[in-house]
Amino acid sequence: HMKTTPKTTLHLTSNLRLISRTTGAKALDRSHTVFSAALSKPGHRKIIGTTAYICVSDTSNGLHQDCRGALALRNGVILVDQTLDVRSARITGTVTGGNGYYEGAQGTVSGRDLGGGKERLTIDYAFK
């Protein structure tokens, strides 16, 4: 009689550290704006991807922006929902999925608005 070991699911978490530089912005109305940006690694100028977001600003006080975006990288697309707190410049959010290499990815987004159309982002993700 062989002893069986219970199978466990291993969830390896990976992270991406990115700098996002706005390349375009278009206000659709008082509260909705579409942004595009180029992605690079911190300390490097080489563009490794692009992103597009649609953001809804809180029109009552303008203190936060809720954004839904897609980050297109060489091996796939990461889908995110994130919020910018205007006062603290903090970005928080979730990875909601993706395609290609990032199919089934889930996780978190954190970062900071550095001003001048530049953001520092960390995307922590794992596969379900």
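Quick check on the stretch 38-49. Is at least one of its residues modelled with pLDDT under 95, touching a strand residue (DSSP E or B) at 6+ places or on another chain (Cβ under 8 Å) and surrounded by 15 or more Cβ atoms within 10 Å (Cβ to Cβ)? So far as the stretch 38-49 goes, no, none of its residues is modelled with pLDDT under 95, touching a strand residue (DSSP E or B) at 6+ places or on another chain (Cβ under 8 Å) and surrounded by 15 or more Cβ atoms within 10 Å (Cβ to Cβ).
When the residues of the stretch 51-65 are filtered to those that are farther than 18 Å from residue 116 by Cβ and open to solvent by less than 80 Å² (accessible area, probe 1.4 Å), the one that is modelled with the lowest pLDDT is 62.
Yes/no matrix, rows are residues, columns are (1) closer than 15 Å to residue 50 by Cβ; (2) touching a His at 6+ places or on another chain (Cβ under 9 Å); (3) touching a residue at least 12 places away in the same chain (Cβ under 8 Å); (4) open to solvent by less than 20 Å² (accessible area, probe 1.4 Å):
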site: 70; (1), (2), (3), (4): yes, no, yes, no
site: 73; (1), (2), (3), (4): yes, no, yes, no
site: 83; (1), (2), (3), (4): no, yes, yes, no
site: 94; (1), (2), (3), (4): no, no, yes, no
site: 103; (1), (2), (3), (4): no, no, yes, no
site: 108; (1), (2), (3), (4): no, no, yes, no
site: 113; (1), (2), (3), (4): no, no, yes, no
site: 128; (1), (2), (3), (4): no, yes, yes, no
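Of all the residues in the stretch 78-88, those that are within 18 Å of residue 63 (Cβ to Cβ) and in contact with a Leu (Cβ under 8 Å, 6 or more places away or on another chain) number 3.
The values are calculated or read from the model by the stated rules, or taken from the named source; none is laboratory data. A quick note: this is a predicted structure, and the numbers were derived from the prediction, not measured. So basically every Cβ, Gly included, is an ideal-geometry build from the backbone, and we count neighbours across all protein chains shown. Note: areas computed on protein heavy atoms with side chains; ligands, DNA, RNA excluded. Shrake-Rupley method; radii C 1.70, N 1.55, O 1.52, S 1.80 Å.
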